[in-house]
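Data block below; observations after.
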Amino acid sequence: MFLAMTGPGTFLAPFAANAWWHTGLMAPVAELGQFLRARRGRVRPADVGLPAGTGLRRTPGLRREELAALAGVSIDYYIRLEQGRETNPSAAVLDALASALLFNEEERTHLHTLAHHPPRPRGETRPVQSQRPPGAEAVRPAIRQLLETVRPCPAYVLNQISDVLAANAEALALFDGLADWPPSRRNTARYTFLHPAARQVLVNWPHSAATTAANLRAVGTANPDTPGLAALIDELTTQSPDFAELWERYDVRRRRSEPKTFRHPRVGTITLSYEVLHLSDGGQRISVYQAAPGSTDEDALSLLALLTAEEVTEPVAEH
């Protein structure tokens, strides 16, 4: 049994250790209010066409009454919702709050998920499995062959919490220092926040860090019982103040394709685009990094492959 501290000097009643405590996530109904409160504080009155008013504002973002008015609900109802005393908001109310808070589609879906509502259809979203099937950590031989086929493009297979389940040699070389960790510890989120080389290798480290935390938040909301998630969030929150701060922002964003710039100690600066392809194997995904044809980045990638071929790299073992 433990006491949960929700703020300076504030404790909840004793409770048994479980995934909600370890991941910094509360039960969905309670987290709904926390999510609204956190995001309300990030919307300025000017962002939604409201005057700043006179005098000192006690809140950095919208006041409760301002958000309630924008969403068309009573202030009393909104306070109950934010405090977790209203547990069954309608889909229409959720959509109104999402619009007032300027949510993107992922954030809107996240809000509906916390309230146990299926989100209104505004585009296709990939279903997330509620439970990982047996053997999901195993990477099929055909996928391992694919990792070799795309060389010299760096490519790896990750599970839902970004454990590296398989990788080609170029991928391990691209994330300088990742191969120094034992296979069971190789995880791109852990690398981003805890590896000493990450801030040098990832040129836009703040962006990489923010998207990594937001992706884990999305995973935790969709399936808080994801194996390994609780331990990973606990580790990152304890050992990385940067992660702890980002985690409390309640940003939600699944991994998607975009350019990424690396500063590699042996081949210099290299910008690659990467594609994220979701597999049918228990939430696994494969990421492939590519350079623009004929570019200096392609030359740097070829050099990385050449240097990698001269070294004996430890293979990634299955978990």
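Some values worked out for this structure:
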| read-out | value |
| --- | --- |
| Matching residues in segment 199-220 - criterion: being touching a Phe, Trp or Tyr at 6+ places or on another chain (Cβ under 9 Å), in a helix (DSSP H, G or I) and more than 16 Å from Leu158 (Cβ to Cβ) | Arg199, Val201, Ala209, Arg217 |
| Conditions (1) crowded, with 20+ Cβ neighbours inside 10 Å; (2) within 24 Å of Ala38 (Cβ to Cβ): number failed by Leu178 | (2) |
| Hey, Asn159 farther than 30 Å from Leu306 by Cβ and not aromatic (Phe, Trp, Tyr) or not | yes |
| Residue check, Val252 more than 24 Å from Glu170 (Cβ to Cβ) and touching a His at 6+ places or on another chain (Cβ under 6 Å) | yes |
| Residue under evaluation Thr308, criteria (1) part of a helix (DSSP H, G or I); (2) modelled with pLDDT of 95 or more, criterion not met | (2) |
| Matching residues, segment 45-56, being within 33 Å of the chain's Cα centre (by Cα), in a loop (DSSP other than H, G, I, E, B) and modelled with pLDDT of 70 or more | Gly49, Leu50 |
| Checklist (1) modelled with pLDDT of 50 or more; (2) part of a loop (DSSP other than H, G, I, E, B) applied to Ala13, failing item | (1) |
| Out of Ala309, Ala222, Ala231, sole residue that is more than 23 Å from the chain's Cα centre (by Cα) and either at negative phi or not basic (Lys, Arg) (or both) | Ala309 |
| Within segment 243-271, tally of residues that are over 14 Å from Tyr289 (Cα atoms) and without any contact (Cβ under 8 Å) to a residue 40 or more places away in the chain | 4 |
| Candidates Pro8, Pro28, filtered to the one that is closer than 19 Å to Asp251 by Cβ and either modelled with pLDDT under 70 or exposed (fewer than 12 other Cβ atoms within 10 Å of the Cβ) (or both) | Pro28 |
| Segment 272-304 - residue that is polar (S, T, N, Q) and not in a loop (DSSP other than H, G, I, E, B) and, of those, surrounded by the most Cβ atoms within 10 Å (Cβ to Cβ) | Ser287 |
| Near pairs, Cβ below 6 angstrom, 6+ apart or cross-chain, from segment 178-191 (farther than 16 Å from Thr308 by Cβ) to any residue that is modelled with pLDDT under 90 | Pro183/Val316; Pro183/Ala317 |
| Any hit, segment 246-263, residues being within 30 Å of Glu310 (Cα to Cα), crowded, with 17+ Cβ neighbours inside 10 Å and either at pLDDT below 90 or not assigned by TED's automatic domain parsing to the domain that holds Ala30 (or both) | yes |
| Unmet criterion (only one of (1) polar (S, T, N, Q); (2) within 20 Å of Tyr191 (Cα to Cα); (3) out of contact with any Leu (no Cβ under 8 Å at 6 or more places or on another chain)) for Ser280 | (2) |
| Pairs, first in contact (Cβ under 8 Å) with a residue 24 or more places away in the chain in segment 69-97, second of a type in the set (Phe, Trp, Tyr), C-beta under 9 Å, six or more apart | Ala71/Tyr78; Pro89/Tyr77; Leu97/Tyr78; Leu97/Phe103 |
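The values are calculated or read from the model by the stated rules, or taken from the named source; none is laboratory data. Please read all numbers here as calculations on a predicted model, not as lab measurements. As a convention, Cβ positions derive from the backbone with ideal geometry for all residues, glycine included, and neighbour counts pool all protein chains shown.
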